[in-house]
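The values are calculated or read from the model by the stated rules, or taken from the named source; none is laboratory data. The structure displayed is predicted, hence computed values, not measured ones. Backbone-built Cβ (ideal geometry, glycine too); neighbour counts: all protein chains shown. Please note that ligands, DNA and RNA were not included when accessible areas were found on the heavy atoms of the full protein model with its side chains. Shrake-Rupley method; radii C 1.70, N 1.55, O 1.52, S 1.80 Å.
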Amino acid sequence: MTHPGCGCPGSMARTIEQPEPDEGSTVRVRSELRQWPVQLHLIPSTASYLQDADLLISADCVAYAMGGMHQDLLKGKALAIACPKLDDTTPYVEKLAGIFSTNAIKSITVAIMEVPCCRGLDILVREALARSGQDTPLECVVIGVNGERRN
């Protein structure tokens, strides 16, 4: 069952423009997040930030394990996060296939953890890409539990 935001104003699709930090800013590391929401269940398939985007589909844990995730993986990309172990992933293949076929996605990066349950995210993204009929370049990045890139 897909939840279109349940009427919560926090689920409204929007683009985020990150200003350059001021000289006296307390921001130590700049966020590279360009849109909201980020949870795959909540992202509208027709959100403007998906059109002609480089898309990062990341397992939830990647951002916590990889200290430089924003600069190393997210910069310049639209983001969708999901957990193949804890989420109800039943609607994900169809939703992603719709996103891929509707938005002329330029590239897809799937970021997963090295743990076996995370491989499911890569599998379902590949299935969705096949269903979409698109020939979008896809790369899978595996992150170790200590935060380093494994491939």
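In the neighborhood of GLY147, defined by Cβ-to-Cβ distances under 13 Å, what is the net charge if each Lys or Arg adds +1 and each Asp or Glu adds -1?
Summing Lys and Arg as +1 and Asp and Glu as -1 gives -1.
Which whole-Hz ³J(HN,Hα) couplings does the range 138-151 yield from phi under the Karplus relation 6.51 cos²θ - 1.76 cosθ + 1.60, θ = phi - 60°, glycine and proline marked x?
10, 10, 10, 10, 10, 10, x, 5, 8, x, 8, 6, 8, 9
Need one value: the accessible area of LYS77 in square angstrom, 1.4 angstrom probe, rounded to the nearest 10.
For LYS77, solvent-accessible area is about 40 Å².
Given a Förster radius of 25 Å and the C-beta distance between THR90 and ASP54 as r, what FRET efficiency does 1/(1 + (r/R0)^6) yield to the nearest 0.05? List each step's numbers first, then the result.
Working: r = 27 Å, r/R0 = 1.06.
With R0 = 25 Å, the Cβ-Cβ based efficiency is 0.40.
Report the label-to-label distance for THR102 and GLN71 in nanometres (one decimal), using points 7 Å from each Cα along the Cα→Cβ vector.
Using points 7 Å along Cα→Cβ, the separation is 3.5 nm.
Would you please classify the overall shape of the range 51-151 from the alpha carbon gyration tensor, given that a ≥ b ≥ c denote the square roots of the eigenvalues, rounded means a/c under 1.5, and beyond that prolate means a/b larger than b/c while oblate covers the rest? Mind showing how you got there, number by number?
Details: a/c = 2.02, a/b = 1.36, b/c = 1.48.
Oblate, since a/c reaches 1.5 and b/c is not below a/b.
On a 1.4 Å probe surface of the protein chains, which of MET69, MET12 comes out largest in accessible area, and what is the full order?
In descending accessible area the options line up as MET12, MET69.
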